[in-house]
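Single-structure report; data block below.
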Amino acid sequence: MNIIETNLTFGPLNKRESTKRMILHHVAALKCTVYDVHRWHKSYGWAGIGYHFFVSKDGKIYQGRPIDTVGSHAAGHNSDSIGICFEGNFEEEEMPEAQKAAGKEIVEYVKELYGITKIQKHSDVNSTACPGKNFPFKEISEARLDTSKKIRYSSHVQTYGWQSEKKNGETSGTTGQSKRLEALVINSPDANLRYKGHIQTFGDTPWMTNGFVCGTIGLGKRLEAVWIECDKPITYRVHVEDKGWMPWVTNGQMAGTTGKGLRLEAIEIKFA
Ligand SMILES: [Zn+2]
């Protein structure tokens, strides 16, 4: 998914302290851009566009108000919600397929980002027709994207312990801090994943599947190499002591070193 950076300038904004739900809107105009909405909202004396995301009819997703700030889109309901607005007037028209697909993507993205499942129509919380009687609310709010495209992983780092879960090519571990990776867990439920590691002193681990801990905890041993295999193309790379990021490797190839006493410090994993 691609969120288009808009570089809008805002007046003073407040950080949002909690995020419990999404509220969906239409802009109630047949044709407009995120920049139009930003200008309109500024003309009301607001800091700028009140929605956090804007989905255009051609299926593009634009960044509105910064995602971690309090929006201005549903009176009395802004303090714990993310506002997503769709170009169009769904009292009068039907949503194009491209826009529907983009709507599902951004909704799924926000669900995942904040671990929330509560989604409301603007009309659920305020007296308004928004987002319009033809708005495909059920389809968008119940969106489930193809989880087979996702891979998640966490690493156990010297001193720090388990790090928060990363996904799809994000960096897990540290760089520039001289901390060893001690263990790794990888999850991709639909991909028939297998992985193994090479541990200081102990050597190669057995191959393991989804969710198993590869490595050691509390023994002060570094992971030196990992191998990952799966039924579809996967690519990964590791950050190694004294060497930095090593080249990307693919299914079943070794990432890292053995016999050199060099620790892994970080890893990135994604489907090719
Ligand atoms: Zn609305």
Single residue of segment 89-122 satisfying the filter (under 20 Å from residue 64 (Cβ atoms) and among the polar types (S, T, N, Q)) that is farthest from the ligand (Cβ to nearest atom): 99
Those residues of segment 153-174 which are under 18 Å from residue 220 (Cα atoms) and in a loop (DSSP other than H, G, I, E, B), in sequence order: 158, 159, 160, 163, 174
Checklist (1) within 16 Å of the ligand (Cβ to nearest atom); (2) out of contact with any strand residue (DSSP E or B) (no Cβ under 8 Å at 6 or more places or on another chain); (3) of a type in the set (Ser, Thr, Tyr) applied to residue 81, failing item: (2)
Take residue 19 and tell me if it is touching a residue at least 40 places away in the same chain (Cβ under 8 Å) and out of contact with any Ser or Thr (no Cβ under 7 Å at 6 or more places or on another chain). yes
Is there a residue in segment 189-209 that is part of a loop (DSSP other than H, G, I, E, B), basic (Lys, Arg) and either closer than 21 Å to residue 106 by Cβ or touching a strand residue (DSSP E or B) at 6+ places or on another chain (Cβ under 9 Å) (or both)? no
Could you tell me which numbered condition residue 270 fails, if it satisfies all but one of (1) open to solvent by 40 Å² or more (accessible area, probe 1.4 Å); (2) in a loop (DSSP other than H, G, I, E, B); (3) touching a residue at least 60 places away in the same chain (Cβ under 8 Å)? (2)
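The values are calculated or read from the model by the stated rules, or taken from the named source; none is laboratory data. This one's a predicted model, so the numbers in the text were calculated from it and none came from an experiment. Using ideal geometry, Cβ is built from the backbone for each residue, glycine included, and neighbour counts are taken over all protein chains shown. Just so you know, the surface numbers come from the protein's heavy atoms only, side chains and all, with ligands and any DNA or RNA stripped out. Shrake-Rupley method; radii C 1.70, N 1.55, O 1.52, S 1.80 Å.
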